[in-house]
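The values are calculated or read from the model by the stated rules, or taken from the named source; none is laboratory data. It should be emphasised that the depicted structure is a prediction, and the values quoted were computed from it without experimental measurement. Heads up, the Cβs are rebuilt from the backbone with ideal geometry, glycines too, and the neighbour counts pull from every protein chain shown.
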Amino acid sequence: MNELNKRLMKFAVDVYLVTQEYKKDLLLNDNINQLIRSSASPGANYSEAQSAGSIKDFNFKVRICLKEMRESHYWLHYFHDICPGIIATDPLVQESEELCKILSTIVFKTQNR
């Protein structure tokens, strides 16, 4: 597993762990579940991209990773705004920003190859 795979996995696990205490709140539960799904998706899709049959296929799968990471970033900002100080999102927001930049760079460098 390469470093990006490890960071994507750690991000998904960290999101899961941070949100578990709030899943009992019925008003937040659906949104938390969506955040958990979107935060786990980039790692799964990036792992799949590693066995892509072509650079075009690889680029397509990494674009899906980026799309899901951007969604995670949105949900983290959402929780930061509606539950300031309750759900510890600041480090996760920063990590999602960094992962978006990394994935964007990969997409950019592989899109015309």
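Kindly indicate whether Val13 is surrounded by fewer than 20 Cβ atoms within 10 Å (Cβ to Cβ) and within 15 Å of the chain's Cα centre (by Cα).
Considered against the rule, which asks whether it is surrounded by fewer than 20 Cβ atoms within 10 Å (Cβ to Cβ) and within 15 Å of the chain's Cα centre (by Cα), Val13 comes out as yes.
It is to be established whether one or more residues within region 27-47 are surrounded by 12 or more Cβ atoms within 10 Å (Cβ to Cβ) and among the acidic types (Asp, Glu).
Within region 27-47, not a single residue is surrounded by 12 or more Cβ atoms within 10 Å (Cβ to Cβ) and among the acidic types (Asp, Glu).
When you scan region 90-104, do you find a residue that is buried (at least 19 other Cβ atoms within 10 Å of the Cβ) and modelled with pLDDT under 95, even just one?
Taking every residue of region 90-104 in turn, at least one turns out to be buried (at least 19 other Cβ atoms within 10 Å of the Cβ) and modelled with pLDDT under 95.
Which of the residues that make up region 1-33 are closer than 12 Å to Gly43 by Cβ and among the hydroxyl-bearing types (Ser, Thr, Tyr)?
Passing the criteria: only Tyr16.
Can you find even one residue in region 59-82 that is among the β-branched types (Val, Ile, Thr), out of contact with any Pro (no Cβ under 8 Å at 6 or more places or on another chain) and more than 20 Å from Gln111 (Cβ to Cβ)?
Yes, because at least one residue in region 59-82 is among the β-branched types (Val, Ile, Thr), out of contact with any Pro (no Cβ under 8 Å at 6 or more places or on another chain) and more than 20 Å from Gln111 (Cβ to Cβ).
Condition first: in contact (Cβ under 8 Å) with a residue 12 or more places away in the chain and among the small types (Gly, Ala, Ser). Now tell me which residues in region 66-113 satisfy that.
Ser72, Ala88, Ser96, Ser104
Among (1) of a type outside the set (D, E, K, R); (2) under 13 Å from Ala12 (Cα atoms); (3) modelled with pLDDT under 90, where does Ile87 come up short?
Among (1) of a type outside the set (D, E, K, R); (2) under 13 Å from Ala12 (Cα atoms); (3) modelled with pLDDT under 90, Ile87 violates only (2).
For region 40-49, state whether one or more residues are under 17 Å from Thr105 (Cβ atoms) and of a type in the set (Ser, Thr, Tyr).
Among the residues of region 40-49, at least one is under 17 Å from Thr105 (Cβ atoms) and of a type in the set (Ser, Thr, Tyr), which makes the answer yes.
Considering region 33-65 alone, what residues qualify as being more than 17 Å from Leu8 (Cα to Cα), without any contact (Cβ under 8 Å) to a residue 24 or more places away in the chain and not hydroxyl-bearing (Ser, Thr, Tyr)?
Asn33, Ala52, Gly53, Lys56, Asp57, Phe60, listed by residue number.
Here's a check for you: in region 16-52, which residue that is within 10 Å of the chain's Cα centre (by Cα) and of a type outside the set (A, V, I, L, M) is nearest to Lys6 (Cα to Cα)?
Gly43
Restricting to region 15-39, count the residues that are touching a Leu at 6+ places or on another chain (Cβ under 9 Å) and within 17 Å of Tyr74 (Cβ to Cβ).
5
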